[in-house]
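Engineer: One structure, as structure tokens, below. Some questions next.
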Amino acid sequence: MSRAGNRPWWRDAVIYQVYPRSFADANGDGIGDLAGIRARLDYLAKLGVDAIWFGPWYPSPMADAGYDVADFRDIDPVFGTLAEAEALIEEAHGYGIRSIVDIVPNHCSDAHPWFQAALAGGPGAPERELFWFRPGRGPNGDQRPTDWVGEFGGETWTRTTNPDGTPGDWYLHLFTPEQPDFNWNHPRVRAEFEEILRFWFDRGVDGIRIDSAGLLVKDPALPETVPGQQHPFRDQDGVHEIYRSWRRIADEYPDRALIGEVWMPNRQRFANYLRPDELHTAFNFDFLGCAWDAAKLRECIDGTLAAHVPIDAPATWVLSNHDVTRHVTRYGREDTTFSFATKREGTPTDLELGTVRARAAVLLLLSLPGAAYVYQGEELGLWEVEDIPYELRQDPMFPRSGFVDPGRDGCRVPLPWSGDAAPFGFSPEAATGKPWLPQPAEWKDRTVQVQTGDPRSMLELYREAIRQRRAEPALGDGELRWLPAPEAVLAYARGDDFACVVNLSAAPVRLPAHREVLLASGPLDGDLLPVDTAAWLRTGKQI
């Protein structure tokens, strides 16, 4: 439950995203694992988070970093065992930390038993009805069934070979060819995932994060995409029936939550996923992609809160995750927004400026109404690693974009824990393998060891901000009231005695009337708030 004791935990939790491959490696093979996470639970407890969201940890050929799942009820051996996952969930509960697991319902791995049976059975095999197998166009069937463009760019259909060696039907994959899409019109698919939800809820999981939540249902006519018309596979109305059934299952268990990854530019369509009988919360990608600009941030905040009020759903706020350029890097660029469409190799950035802005951004993030997400490493001030050699990159987005989009490896580099050189405590000293992605030598100044106890560090700023958020009755779920402020300055009150001020202007501004500065993202000049700096104030009911 929330601090008020009468609201569900997910309405104002601080949720920490763990990317298992890159958090901590206990066995020395260069890949993070469950034993490494278990050994670092004390770190997360001291950070003050309420819940951990674990990225995919299932058996997988790793064509897309685990989002190509071969078995939704087990753990990939590279990470550990199912028994270790159960122990991790229980041990986290011992620290008062809840657990959220990633479910990937749009697709599976091409190594999944269902898909293997579909291939082996050939045309007419009943398993093919669980996916989207279709004959090709043209006299020889050698043209793709549609010209849809994939979520990673590129084609969305791959042709099969029949058991007799002749060219066969095509199958749909909105991501990579190794990730065939399920046919959610089939009752067996729906029943399977309902059982998967119960499997993890029965093991003590507190929440389910739903990957690509708006893509599950396709128009069975498979029309081409036409601007201004209903998209054939994004945000189809039929998806809501699925989430209503999932909500009924979640409601069978106490204090469980369904959390959607919903990329939706239309706020009303986004809010549809959060109706009282559907998902509990969804990620706020508008805020993540918003420019470091006061007017645009205010519009984003107002629009987000307004969309959530009619359905009494909590807003969520996030700055970075495993798919996007880290915000220390984004905020140091001329264009501070994020978009997959504009992400390009070689974009210059000012990391010092980005770090100053990132410090201010976390005070904004943690004082807005609702839940907040922290992506592993952002509390250390880590930046996007953009010089990974091409031959070491593993994200399929890089080649499928024609090597234009640098991919997502740069935000997935293993964390630096201690020491002056790689692997920076990510792996044990006697490790037999190098970290699966190379760490920058400059991260020696960003390790947990270096930052712990340094009041000027990003880590201690996060720890103190989360501590104060937990202790401050006005923070978390609730209302926000804007205060008068100079141009390009955000100022708002939470409750009667707390205010946050963020200066995004080009000059220092005077703080509003207050009796105490609770926390600031950088040094203040008396009552002046410097550029790109935020402050939390005890107002004494003067505003």
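The values are calculated or read from the model by the stated rules, or taken from the named source; none is laboratory data. This structure is a prediction, so every number in the text was calculated from the model and none was measured. Cβ sites come from the backbone with ideal geometry, for glycine too, and all protein chains shown count toward neighbours. The protein model used for the area step is the full one, side chains on, heavy atoms only, and it has no ligands, DNA or RNA in it. Shrake-Rupley method; radii C 1.70, N 1.55, O 1.52, S 1.80 Å.
Engineer: When you scan segment 495-508, how many residues do you find that are out of contact with any helix residue (DSSP H, G or I) (no Cβ under 7 Å at 6 or more places or on another chain), in contact (Cβ under 8 Å) with a residue 24 or more places away in the chain and either farther than 24 Å from Asp477 by Cβ or of a type in the set (D, E, K, R) (or both)?
Structural biologist: Step one: list which residues in segment 495-508 are out of contact with any helix residue (DSSP H, G or I) (no Cβ under 7 Å at 6 or more places or on another chain), which gives 495-499, 501, 503, 505-508.
Restricting the remaining residues to those that are in contact (Cβ under 8 Å) with a residue 24 or more places away in the chain gives 496-499, 501, 503, 505-507.
Among the residues that remain, those that are also either farther than 24 Å from Asp477 by Cβ or of a type in the set (D, E, K, R) (or both) are: 496-497, 503, 505-507.
Qualifying residue count, segment 495-508: 6.
Engineer: For Ala341, indicate whether it is part of a loop (DSSP other than H, G, I, E, B) and more than 19 Å from Gln468 (Cβ to Cβ).
Structural biologist: yes
Engineer: Moving on to the next point. Look through segment 1-36, keep the residues that are more than 28 Å from Ala430 (Cα to Cα) and among the polar types (S, T, N, Q), and return whichever of them is most open to solvent (accessible area, probe 1.4 Å).
Structural biologist: Asn6
Engineer: Got at least one residue in segment 403-418 being over 23 Å from Ala65 (Cβ atoms) and without any contact (Cβ under 8 Å) to a residue 60 or more places away in the chain? Talk me through it step by step, then tell me what you get.
Structural biologist: Applying the first criterion (over 23 Å from Ala65 (Cβ atoms)) to segment 403-418 yields 418.
Within this subset, residues satisfying the condition of being without any contact (Cβ under 8 Å) to a residue 60 or more places away in the chain are 418.
Yes, some residue in segment 403-418 is over 23 Å from Ala65 (Cβ atoms) and without any contact (Cβ under 8 Å) to a residue 60 or more places away in the chain.
Engineer: Is it fair to say Gly476 is at pLDDT below 95, in contact with a strand residue (DSSP E or B) (Cβ under 9 Å, 6 or more places away or on another chain) and farther than 28 Å from Leu44 by Cβ?
Structural biologist: Details: at pLDDT below 95: yes; in contact with a strand residue (DSSP E or B) (Cβ under 9 Å, 6 or more places away or on another chain): yes; farther than 28 Å from Leu44 by Cβ: no.
So Gly476 fails the test.
Engineer: I would also like to ask the following. Would you pick out the residues in segment 390-432 that are surrounded by 18 or more Cβ atoms within 10 Å (Cβ to Cβ) and farther than 22 Å from Val328 by Cβ?
Structural biologist: Those that are surrounded by 18 or more Cβ atoms within 10 Å (Cβ to Cβ) and farther than 22 Å from Val328 by Cβ: Pro396, Arg400, Ser401, Ser427.
Engineer: So, one more: Here is a list: Gln236, Gln230. Which entry is over 16 Å from Asn106 (Cβ atoms) and either assigned to a loop (DSSP other than H, G, I, E, B) or not basic (Lys, Arg) (or both)?
Structural biologist: Going through Gln236, Gln230 in turn, just one is over 16 Å from Asn106 (Cβ atoms) and either assigned to a loop (DSSP other than H, G, I, E, B) or not basic (Lys, Arg) (or both): Gln230.
Engineer: At least 3 residues that are open to solvent by 20 Å² or more (accessible area, probe 1.4 Å) and within 30 Å of Thr452 (Cα to Cα) in each: list the helices (runs of 4 or more DSSP H) lying fully within segment 37-135 that qualify.
Structural biologist: Hits in segment 37-135: 41-47, 82-94.
Engineer: Let me ask something else. Quick check on segment 469-484. Is at least one of its residues under 30 Å from Asn27 (Cβ atoms), out of contact with any helix residue (DSSP H, G or I) (no Cβ under 8 Å at 6 or more places or on another chain), small (Gly, Ala, Ser) and in contact (Cβ under 8 Å) with a residue 60 or more places away in the chain?
Structural biologist: No, segment 469-484 has no match at all.
Engineer: Take Asp387 and tell me if it is free of Cβ contacts under 8 Å to residues at least 60 places away in the same chain, farther than 30 Å from Glu472 by Cα, open to solvent by 20 Å² or more (accessible area, probe 1.4 Å) and of a type outside the set (Ser, Thr, Tyr).
Structural biologist: yes
Engineer: Here is a follow-up. What pairs come up if the first residue lies in segment 20-32 and is in a loop (DSSP other than H, G, I, E, B), the second is surrounded by fewer than 22 Cβ atoms within 10 Å (Cβ to Cβ) and hydroxyl-bearing (Ser, Thr, Tyr), and their beta carbons are under 6 Å apart, counting only those six or more places apart or on different chains?
Structural biologist: Gly28/Thr432
Engineer: Hey, Tyr492 hits all of (1) touching a residue at least 12 places away in the same chain (Cβ under 8 Å); (2) in a loop (DSSP other than H, G, I, E, B) but one; which does it fall short on?
Structural biologist: Unmet for Tyr492, out of (1) touching a residue at least 12 places away in the same chain (Cβ under 8 Å); (2) in a loop (DSSP other than H, G, I, E, B): (2).
Engineer: Now, a different point. Of the residues Glu429, Glu464, which single one is assigned to a loop (DSSP other than H, G, I, E, B) and free of Cβ contacts under 8 Å to residues at least 60 places away in the same chain?
Structural biologist: Glu429
Engineer: Exactly one of these conditions fails for Trp200: (1) touching a Phe, Trp or Tyr at 6+ places or on another chain (Cβ under 9 Å); (2) surrounded by fewer than 21 Cβ atoms within 10 Å (Cβ to Cβ); (3) not in a loop (DSSP other than H, G, I, E, B); (4) not hydroxyl-bearing (Ser, Thr, Tyr). Give me its number.
Structural biologist: Among (1) touching a Phe, Trp or Tyr at 6+ places or on another chain (Cβ under 9 Å); (2) surrounded by fewer than 21 Cβ atoms within 10 Å (Cβ to Cβ); (3) not in a loop (DSSP other than H, G, I, E, B); (4) not hydroxyl-bearing (Ser, Thr, Tyr), the lone unmet condition for Trp200 is (2).
Engineer: Looking only at segment 287-313, count every residue that is within 25 Å of Pro484 (Cβ to Cβ), of a type in the set (Asp, Glu) and either touching a residue at least 12 places away in the same chain (Cβ under 8 Å) or open to solvent by less than 20 Å² (accessible area, probe 1.4 Å) (or both) and tell me the total.
Structural biologist: 1
This table checks each residue for (1) part of a loop (DSSP other than H, G, I, E, B); (2) under 30 Å from Pro314 (Cα atoms).
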site: Val362; (1), (2): no, yes
site: Trp383; (1), (2): yes, yes
site: Leu415; (1), (2): yes, no
site: Ala421; (1), (2): yes, no
site: Phe424; (1), (2): yes, no
